[in-house]
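Encoded as structure tokens, the structure appears first; notes follow it.
The values are calculated or read from the model by the stated rules, or taken from the named source; none is laboratory data. Predicted model only: the values in this text are computed from it and were never measured. Please note: Cβ atoms are built from the backbone with ideal geometry, for glycine as well, and neighbour counts cover all protein chains shown. Just so you know, the surface numbers come from the protein's heavy atoms only, side chains and all, with ligands and any DNA or RNA stripped out. Shrake-Rupley method; radii C 1.70, N 1.55, O 1.52, S 1.80 Å.
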Amino acid sequence: ASIALACYSLISYAVLVVVGATLTLPGLAGFVLAIGLAIDANVLVFERAREEYGARRTREGDDPRALDTALRAGFEKAWSAIIDSNVTTLIAAGLLFYLASGPVRGFGVTLGIGVVASMISALVIARVLTTLVVRSRWVQRHPSASGLTGNGRLRRALEERGPDLMGRRRIWLAVSGVLVVLSLAGIGVRGLDLGVDFTGGRLLEYSTSSPVDVDEARGAVAAQGLPRAVVQTSTESDGVERITVRTDPIGDDEAYAVEQALSRLGDDVTKVRDELIGPTIGAELRGKALIALGIALLAQMAYLAVRFGWTFGAAAVLAMLHDVLIVVGVFAWLGRPIDGVFLAAVLTIVGLSVNDTVVVFDRVRELRRTDPAAPFPSVANRAVLQTVPRTINTGLGAMAILAALVVLGGDSLGDFALALLIGLVVGTLSSVFTATPLLLELSSLGRRRRPATPVMRRSERAATPARDRWASSDPYADVPPGR
């Protein structure tokens, strides 16, 4: 799987080079999100393979071919969740590319490329390599070396003493509601500290004959009283080093002080660009970004409604909005800037949130299909408990990515990593404690609005198939057993 992820990175970067795309910070966010999707696809397959191996071993005993069979079944059963997660993400990426502009468009480009590359790496390269591993003689003689033979302590504990989380679903929804109210209060009381990307400012660009460390450049600019300035360095094709500074509206004296500070870091520092970014441009960027994001959410809800049912789509989108509002509220209370970096983080959070929710809903659909007569709340609770190991493993993988960004990304990625960390925690919890309870409540609400169905007589019940009896009596009958 790790080799396949390395191939994913190579494929994605090669495509970006071919199309001539510039890897900006929002573009990097799309790249990171696609890595998360690739990791999640592998985790889904391996968790399902573990389940299949345990079930086959219980029924058939030890069989040298069980590993190969379980891995094949893992890929087949994880296929629908992987496809639904990636299609919803591709829909969002395409709409953001066509409707938005600036950094949001760059996010859509790298995300779309990354999703396709991640599917190739997870469903083709990883499948070939893992199949070769489980068919090798050494693994056939030592099945435990594959990692597929044990369900783990957490899975066994959940199977034996699984809590009834959905029995307390209204408590979880009340907690989510309180968090949303606190977030809205932060936005109303503290307000949003909009950055240069949305309010306008001044863009300064310098060339230098020698490389300048970006952290030193940021420190020099901050020492001139501009701690919020966005400082980036790049190398042109002719070998000339460039330093770009984006800051709030400043006067010529402050701009000259910035040039002098940078001159002390490099040789032959020359100003090559000085532009004022009016508030109209920032407002246009903000408006296009919000419109593109809104249309993308509606498109995702429509797709999920077709694949699962309207209650599933509505619950997933409401959970996404819940996650975004909480992250925005936390940044409002902390007084952190809302800029292009934050916007990239929010778009990443939206992708992670819908991905988590789709995995849980896919398991709900599968369990509903296999046991249509079971009460829907118990089915949803089983689905949540069965996907907890996958959620934890995927969360740990995303945590590793965030840790790398925090340690290696410098100050410029601090807010990005903070927003992603908050969004990751909130999004992971919301798939269990917000999206699934919302699904149950919306399904129950839809049933209560229907006219009452007459109670069947005993003779009629005997002549009616069990599936139809369930459809006429279950309060969650608007949720289909599966399509």
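Structure notes:
- Per-residue extension of 0.36 nm, minus the Cα-Cα distance of Asp267 and Arg141, leaves a gain of 38.9 nm for this segment.
- Taking label positions 7 Å along the Cα-Cβ direction at both Met399 and Leu276, the computed distance is 5.0 nm, reported to one decimal.
- Ranked packing of 295-302, 320-327, most packed first, by mean Cβ within 10 Å: 320-327, 295-302
- Within the accessible area of segment 239-385 (1.4 Å probe), percent carbon and sulfur: 62 percent
- Distance between the pseudo-spin-label points of Val17 and Leu184 (7 Å out from Cα toward the beta carbon): 5.0 nm.
- Remark: the Asp252-Gln232 segment gains 5.1 nm on full extension, using 0.36 nm per residue and subtracting the alpha carbon distance.
- With a simple spin-label model that places each label point 7 Å from the Cα along the Cα-to-Cβ direction, the separation between Asp68 and Ala55 comes to 2.1 nm.
- For segment 159-233, accessible area per residue (1.4 Å probe, heavy atoms of protein chains only), Å²: 53 Å²
- Placing R0 at 22 angstrom, the Cβ-Cβ distance between Ala6 and Glu76 gives a FRET efficiency of 0.30 after rounding to 0.05.
- Extension reserve of the Asp371-Asp193 stretch, reckoned as 0.36 nm per residue once the Cα distance is removed: 59.0 nm
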